[in-house]
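Heads up, the thing below is written out as structure tokens.
The values are calculated or read from the model by the stated rules, or taken from the named source; none is laboratory data. What you see is a predicted model, and the numbers here were worked out from it, not measured in a lab. Don't worry about glycine lacking a Cβ; one is built from the backbone with ideal geometry, like all the others, and counts go over all protein chains shown.
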Amino acid sequence: MSPLRIAVVSLVAVCSAGCATYADRLAKVQAEFVSGDVATAKEALDDGMKRRCDRDVLMLDRAVLELSAGNPSEAEQTLQTVRDSFDARENALAKGKALSMLTDAESESYHGEDYEKVLIRAFLCLSNLMHDAGDAQAYSYQVAEKQQQIIDGGKDEEGKNPKLDYRRVALGPYLNAALREQTHVNFDDVERSHAVVCSWQPDFPYGQQDLDRARHGAHSAPGHGVLYVITLVGVGPHKEEVIEVPSTVSLLIADRIFSALGNQTLPPNIAPVKVPKVVRTVHEVGSVGVAVDGRPAGVTATITDIGTMAVEQHEAVYDRIVAEAIVRRITKKAVVYGTKEVLGVEKHSWQSVLMDVGGVIWEATENADTRCWGLLPDKIQVLRLELPAGTHQITLQSRNAGGYPLGRPASQTVEISDARNTYMLGNMPYGNLVGKILTNTP
């Protein structure tokens, strides 16, 4: 078989192997999770933890599985590990980028999307609330601190900052207010936190009610306590690989002109420029109805819209993502061109053709980085209920946007303490509860 024929066969084989993206590998985990089979989802996730560069992003999904399975302490430990890894990687990002210029974005260790870095802190707070709540206050502060750090660091070389309009995660100040209110002192701090919630999530229907209560300095009536029902509803955003058509066409024109005028040819621009796109997942869940001892008590409302936030943030920095993909492609062409020059390869010779074929293979095996925190919900919702102290049965049932019930109801007994908070967490991606309802009471 001739060298050229070998190269072409290799091109077909390698390109075919390069078609499987991270999104494809994660599909089984997501399917098992939304069906409610947490144990099988864990097994599928373990099977996927083979590439070192994927480990952190897979650990984010492991944390959600642990939380849903009723293991909040393990979820917290896992999230702490990823948080610290992401923070350390922010200081060493340049080295990873240099490697990805010669392969693709999935070759570097995952450094997390901006919204994911903030939500790690939010889920740390939720996980901690569900066992000892000793660090929940600190985690709630970290949500706002990380958001501000990301926004402050968003300027480019021209002084423009596409991150200034990022949507904020109101769950942090909301939980901070809940924890502060339980102390029955410093209601000024509680009021400030609820004012932030109203500013960051203006469509939150219970925001003004919470703010008015804080201004009157009352946690609950005598002989009563408070139950915070927190629900993770819907299926969160994911990434799809798309072709950046304008950039692909522009590169095609540019490299043809350069090949005609330069000393060497460039690998033909057969492979399109691929970039990730954040998209929302279609689901029916609009809210969760809550019943206490068999009587309807209220409906959860959105405190953090993860799907909208993720899409908006991706759109804000999309030009940067495309620019990196183009730089990666130009870098590879430059390497091929430079190698020809160093070796003294004659233009249009068979050696030049073989090197061009190799360059096409190199470019065609690129995958857009579709890695993401795949088991996030679409929304985080809350409902605050003031209840008489004592034992109560709480029933959760998801509803669609029109208020009609979806799936099966799920119940849990809780103990409400006088003048204290009790927290409950349920994950309902497609209507039915996944795993267990968690509470911070025995």
### Query
So is R215 outside any loop (DSSP other than H, G, I, E, B), in contact with a helix residue (DSSP H, G or I) (Cβ under 7 Å, 6 or more places away or on another chain) and among the basic types (K, R) or not?
yes
### Message
Please determine whether any residue of region 157-170 is surrounded by fewer than 21 Cβ atoms within 10 Å (Cβ to Cβ), among the β-branched types (V, I, T) and under 18 Å from Q313 (Cα atoms).
### Response
no
### Task
Test A195 against the stated conditions and say whether it is outside any loop (DSSP other than H, G, I, E, B), more than 22 Å from D378 (Cβ to Cβ) and touching a Phe, Trp or Tyr at 6+ places or on another chain (Cβ under 6 Å).
no
### Looking only at region 139-170, and only at residues there that are touching a residue at least 40 places away in the same chain (Cβ under 8 Å) and among the basic types (K, R), the one that is nearest to D87 (Cα to Cα)
K163
### Query
Any idea which of (1) within 23 Å of Q147 (Cα to Cα); (2) in contact (Cβ under 8 Å) with a residue 40 or more places away in the chain; (3) surrounded by fewer than 17 Cβ atoms within 10 Å (Cβ to Cβ) is the one P202 doesn't satisfy?
(2)
### Query
So which residues in region 170-223 are farther than 22 Å from A138 by Cβ and in contact with a Lys or Arg (Cβ under 7 Å, 6 or more places away or on another chain)?
Y206
### Message
I'm told Y174 meets every condition in (1) touching a strand residue (DSSP E or B) at 6+ places or on another chain (Cβ under 6 Å); (2) not in a helix (DSSP H, G or I) except one. Can you identify the failing condition by its number?
### Response
(2)
### Task
Identify all residues within region 405-416 that are at pLDDT 95 or above and under 12 Å from G289 (Cβ atoms); write none if there are none.
P409, A410
### Message
Restricting to region 366-394, name every residue that is crowded, with 19+ Cβ neighbours inside 10 Å and polar (S, T, N, Q).
### Response
N367, T370, Q381
### Message
Test of understanding: among V229, V185, V143, V169, which residue is under 23 Å from the mean Cα position of the chain (by Cα) and under 21 Å from S417 (Cβ atoms)?
### Response
V229
### Query
Looking at S127, is it in contact (Cβ under 8 Å) with a residue 24 or more places away in the chain, small (G, A, S), part of a loop (DSSP other than H, G, I, E, B) and surrounded by 16 or more Cβ atoms within 10 Å (Cβ to Cβ)?
no
### Query
Taking the condition in a helix (DSSP H, G or I), at pLDDT 70 or above and touching a strand residue (DSSP E or B) at 6+ places or on another chain (Cβ under 7 Å), does A23 pass?
yes
### Query
Quick one: in region 197-217, which of the residues that are aliphatic (A, V, I, L, M) and touching a His at 6+ places or on another chain (Cβ under 9 Å) is nearest to T441 (Cα to Cα)?
A214
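Results for (1) aliphatic (A, V, I, L, M); (2) at pLDDT below 95; (3) in contact with a Gly (Cβ under 7 Å, 6 or more places away or on another chain), shown as yes or no for each residue.
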| residue | (1), (2), (3) |
| --- | --- |
| T370 | no, yes, no |
| L376 | yes, no, yes |
| I380 | yes, no, no |
| N400 | no, yes, yes |
| G403 | no, yes, no |
| D418 | no, no, yes |
### Query
Within the group A41, A63, which residue is at negative phi, in a helix (DSSP H, G or I), touching a Ser or Thr at 6+ places or on another chain (Cβ under 6 Å) and crowded, with 24+ Cβ neighbours inside 10 Å?
A63
### Message
Of everything in region 395-442, what is of a type in the set (S, T, Y), surrounded by 13 or more Cβ atoms within 10 Å (Cβ to Cβ) and part of a loop (DSSP other than H, G, I, E, B)? Give them in sequence order.
### Response
S417, Y430, T441
